[in-house]
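S.K.: To start, I am sharing the structure in question, which I have written as structure tokens.
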Amino acid sequence: MIYQGNRITVSMLEEGIANMHFNAENESVNKFDAETNQQFSEAVDALEKAADSIKGLIVTSGKRVFIAGADITEFVGHFRKEETEIRDWIVEINGVFNRFEDLPFPKVAAINGAALGGGCEMTLVCEYRVMGEKAQIGLPETQLGIFPGFGGSVRTPRVIGIDNALELIATGKAQKPAQALKLGLVDAVVAQDDLQAAAIDLVKKAIAGDLDWQAKREEKLQPVKLNQLEQTMAFNSAKGAIFAKANPKQYPAVAIAIQAIEKHVNLGRDEAIKVEAAHFAKAAKTPQAESLVGLFLNDQAVKKLAKQHTKNAHDINEAAVLGAGIMGGGIAYQAASKGLPIIMKDIKSEQLDLGMGEASKLLGKQVERKRMTPAQMGETLSRIRPTLNYGDFGETDIVIEAVVENPKVKHAVLKEVEGLVKENAILASNTSTISITHLATVLERPENFVGMHFFNPVHRMPLVEVIRGEKSSEEAIATTVALAQRMGKVPVVVNDCPGFLVNRVLFPYFGAFDLLLKQGADFVHVDKVMEKFGWPMGPAYLIDVVGLDTGVHGAEVMAEGFPDRMKPDYKGAIKHLFENERLGQKNGVGFYKYETDKRGKPKKVADEATYELLKATTDSDKQAFEDQTIIDRMMLAFCNETVRCLEDEIVATPAEADMAMIMGVGFPPFRGGPCRYIDQVGLDNYLALCEKYAHLGKAYEAPQKIRDMAAAGETFYP
């Protein structure tokens, strides 16, 4: 044994060939945490001392994941240090990677699973990389607001070329074996069972001189072999493509990574690493890095909480959805695509046809993209059983009600189906606004009833709100959470109130938009400002997509539930347009009018008729608004209601609140969620904004929680 640690061991496989084996004890994956970094340094020390007896080395993993990368949980502490301290920390770690790269014998990485971030960078300090057919490799750091810091931005341009390296780093996409081989990121792809043998064979060929491993190493130590004109062309073309997709102001890590690579491609490795480290530190100190790292940690926390909720879950062998159409078809598709048989019931055969058509359309797209075969599509569709009667409901484990958003209709349907299912079957309503406690009043077994609110389109939106009514049992909650997970969704458990969490927060945002329009703001300008802020679509476009009829109905429910801040004393633009039969994309006219583009998708166009209609709801003494004023007013209404949901214990934690808003309504991910946004504005500054706009109404007044936190010097994320 050359080195023995509880994260890394180095031993001789056969004469002259060593194996550096990553296999962290009591951990599900290998990662470069502080302990692993220390052991990596010690292992390199041992290899340097034993170098005379070693002719070659392979790097292997004892986990299904090769190496997941750096330990993100440690980033928060490191990123709070000064920029120079972060730079020095990165340089120190890179010193160990460089020493490993410089060992006087060839090295081959045997990539059996995901080699991401630091895991990919570990393979790059080897001369050769062999990849199993089930593995993946990539550098996803820009998705965390940073970029590769363990030499990844230095070595990839030298191994796969500038243009490929920039795309790999900017997109953060993991590469499958065939893609990685085509890029030159790996040297061979083999069957999983043959991986170690292939790595040993490759290192033996290098030892024998059949492969020039010194030349492979040398290209990583020297500047990139392109003249200045070729470099300029490579960078300019890559920048055009990258910045068309990634706004450098919203995601600065991409721009910082490109700056770093431009500076270090003409340097030797050691100097280039210093440039990478300095730019990494710069990216790490951005608010976007704090938000995106926090987002990753929140995602882990929410999934952990959901797992805890499933402890008392019943087995789910079959589900059912009441109400076909687009939503019912989407729910049925989602269940069937994850292997769960589901009955789809409606009272009209044409609705069943619509629901099956929706599922077929979504599966057909999967076939077009070669993500499944026609046979697999047929198998998936066979899991959906359309029916006009309740004949097969006796053995169903959970029924999702997705009929029209009308409490009387829902009451009738829920009462009827309860009498036809087995006693322990769970009933779940896909209502978006109606109180679960109210809907449960007609049921004999209200303890078996919960809310299960999917977001449209079901196949794209990851969030499911699981709503606990006053009488919902823990078993019912657990089973519904388990179903959401099985369907590939992220469940967040919330307590009952009008609108629950996401819609309760969204409607004050629409209310703030209506008030801006009343006072003279241009809806197109408001959309542009909020999209520049980071929303995927501005409020006018969003309500058009949701449907103005849906928006008006939801606003009425919310006004009844929270009249102090959601019941305006004027008719707003949304209601006025609805009364003039403008429903949004549903009928081709809302705030915008919609034309079909070349791909057959609706394209929005500003409509002069909208401006004429809005004159009836606009004050005569209309105002002009600065961009920041629009942002402040829109975000105060949104964030204040999020905080009130925490105050009222509708949602348990800031992490769940933030993730729900990102996954449910598209809150800008690089801002981390409304609670993170308040932290970054600063509690005192935020409180001052609330006081500045409090005259506009209750929605803008600071919740007591904000006042208390500001007085105590607290933040949502300590």
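S.K.: Exactly one of these conditions fails for THR596: (1) of a type in the set (S, T, N, Q); (2) in contact (Cβ under 8 Å) with a residue 24 or more places away in the chain; (3) touching a strand residue (DSSP E or B) at 6+ places or on another chain (Cβ under 7 Å). Give me its number.
M.R.: THR596 satisfies every listed condition except (2).
S.K.: Restricting attention to segment 380-421, report how many residues are more than 17 Å from LEU352 (Cα to Cα), outside any loop (DSSP other than H, G, I, E, B), modelled with pLDDT under 95 and in contact with a helix residue (DSSP H, G or I) (Cβ under 9 Å, 6 or more places away or on another chain).
M.R.: 1
S.K.: Residues that are surrounded by fewer than 23 Cβ atoms within 10 Å (Cβ to Cβ): find the strands (runs of 3 or more DSSP E) completely inside segment 1-117 holding 2 or more of those.
M.R.: Working: elements: 8-14, 17-22, 56-61, 107-111, 114-116.
Counting at least 2 such residues, we get 8-14, 17-22.
S.K.: Considering GLY69, GLY77, GLY119, which residue is modelled with pLDDT under 95 and under 22 Å from GLU42 (Cα atoms)?
M.R.: Answer to the check: GLY69.
S.K.: If you don't mind, there's one more thing I want to ask. For PHE32, are the conditions met, namely being within 19 Å of ALA110 (Cα to Cα), in contact (Cβ under 8 Å) with a residue 24 or more places away in the chain and among the hydrophobic types (A, V, I, L, M, F, W, C)?
M.R.: Judged against the criteria, PHE32 is a match.
S.K.: VAL293 - would you say it is within 23 Å of CYS675 (Cα to Cα), surrounded by 16 or more Cβ atoms within 10 Å (Cβ to Cβ) and not assigned by TED's automatic domain parsing to the domain that holds SER382? Step through it out loud before you land on a result.
M.R.: Details: within 23 Å of CYS675 (Cα to Cα): yes; surrounded by 16 or more Cβ atoms within 10 Å (Cβ to Cβ): yes; not assigned by TED's automatic domain parsing to the domain that holds SER382: yes.
Yes, satisfied.
S.K.: Assuming ILE137 fulfils every condition listed in (1) closer than 30 Å to PRO668 by Cα; (2) out of contact with any helix residue (DSSP H, G or I) (no Cβ under 6 Å at 6 or more places or on another chain); (3) among the β-branched types (Val, Ile, Thr) apart from one, which condition is it?
M.R.: All conditions are met except number (2).
S.K.: I've got another one for you. Quick one: how many residues across segment 560-597 are touching a helix residue (DSSP H, G or I) at 6+ places or on another chain (Cβ under 7 Å) and assigned to a loop (DSSP other than H, G, I, E, B)?
M.R.: As a first pass, look at segment 560-597 and keep what is touching a helix residue (DSSP H, G or I) at 6+ places or on another chain (Cβ under 7 Å): 564-568, 570-578, 580, 582-585, 590-592.
Filter once more, so that each one left must be assigned to a loop (DSSP other than H, G, I, E, B): 567-568, 570-572, 580, 582-583, 585, 590-591.
Summing the residues that are touching a helix residue (DSSP H, G or I) at 6+ places or on another chain (Cβ under 7 Å) and assigned to a loop (DSSP other than H, G, I, E, B) in segment 560-597 gives 11.
Residue-by-condition table, conditions (1) among the hydrophobic types (A, V, I, L, M, F, W, C); (2) assigned by TED's automatic domain parsing to the domain that holds VAL490; (3) surrounded by fewer than 16 Cβ atoms within 10 Å (Cβ to Cβ):
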residue: GLN376; (1), (2), (3): no, yes, yes
residue: SER382; (1), (2), (3): no, yes, yes
residue: VAL399; (1), (2), (3): yes, yes, no
residue: ILE426; (1), (2), (3): yes, yes, no
residue: GLU444; (1), (2), (3): no, yes, yes
residue: GLY451; (1), (2), (3): no, yes, no
residue: ARG460; (1), (2), (3): no, yes, yes
residue: LEU463; (1), (2), (3): yes, yes, no
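S.K.: So is LYS489 of a type in the set (Lys, Arg) and either assigned by TED's automatic domain parsing to the domain that holds GLY584 or over 19 Å from GLY666 (Cα atoms) (or both) or not?
M.R.: no
S.K.: Which members of segment 528-567 meet the condition of being in contact (Cβ under 8 Å) with a residue 40 or more places away in the chain, of a type in the set (D, E, K, R) and within 20 Å of GLY673 (Cα to Cα)?
M.R.: LYS532
S.K.: Next question. Please go through (1) part of a loop (DSSP other than H, G, I, E, B); (2) closer than 26 Å to ALA652 by Cβ for PHE296 and return the number of the only condition it doesn't satisfy.
M.R.: Going through (1) part of a loop (DSSP other than H, G, I, E, B); (2) closer than 26 Å to ALA652 by Cβ one by one, PHE296 breaks only (1).
S.K.: Still on this structure: Within segment 62-73, can you find the residues that are within 18 Å of GLY5 (Cβ to Cβ) and over 20 Å from the mean Cα position of the chain (by Cα)?
M.R.: Scanning segment 62-73 gives GLY62, LYS63, PHE66, ILE67.
S.K.: I need every pair where a residue in segment 505-519 that is under 18 Å from ASP619 (Cα atoms) has its Cβ under 6 Å from the Cβ of a residue that is in a helix (DSSP H, G or I) and among the charged types (D, E, K, R), sequence separation at least 6 or different chains.
M.R.: ALA512/ARG633
S.K.: What number of residues in segment 686-708 are over 27 Å from GLN250 (Cβ atoms) and assigned to a helix (DSSP H, G or I)?
M.R.: Selection size over segment 686-708: 9.
S.K.: Here's another thing I want to ask about it. Among the strands (runs of 3 or more DSSP E) confined wholly to segment 424-524, which include 3 or more residues that are of a type outside the set (D, E, K, R), more than 30 Å from LYS593 (Cα to Cα) and in contact with a Phe, Trp or Tyr (Cβ under 8 Å, 6 or more places away or on another chain)?
M.R.: Result: 426-429.
Residues are listed down the side, and each one gets a yes or a no for (1) assigned to a helix (DSSP H, G or I); (2) closer than 20 Å to ASP88 by Cβ; (3) basic (Lys, Arg); (4) in contact with a Ser or Thr (Cβ under 9 Å, 6 or more places away or on another chain):
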{"position": "ALA272", "(1), (2), (3), (4)": "yes, yes, no, yes"}
{"position": "SER291", "(1), (2), (3), (4)": "yes, no, no, no"}
{"position": "ALA306", "(1), (2), (3), (4)": "yes, no, no, no"}
{"position": "THR310", "(1), (2), (3), (4)": "yes, no, no, yes"}
{"position": "HIS314", "(1), (2), (3), (4)": "no, no, no, yes"}
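S.K.: Let me ask something else about it. Looking at PRO177, is it out of contact with any Leu (no Cβ under 7 Å at 6 or more places or on another chain) and surrounded by 14 or more Cβ atoms within 10 Å (Cβ to Cβ)?
M.R.: yes
S.K.: Residues in segment 210-236 that are in a helix (DSSP H, G or I) and among the aliphatic types (A, V, I, L, M): how many?
M.R.: Result for segment 210-236: 5.
S.K.: Next question. When segment 30-43 is examined, which residues are found to be farther than 17 Å from ILE90 by Cα and touching a helix residue (DSSP H, G or I) at 6+ places or on another chain (Cβ under 9 Å)?
M.R.: The answer is ASN30, ALA43.
The values are calculated or read from the model by the stated rules, or taken from the named source; none is laboratory data. Computed from a predicted structure; not experimentally measured. Here the Cβ is made from the backbone with ideal geometry for all residues, glycine too, and neighbour counts use every protein chain on show.
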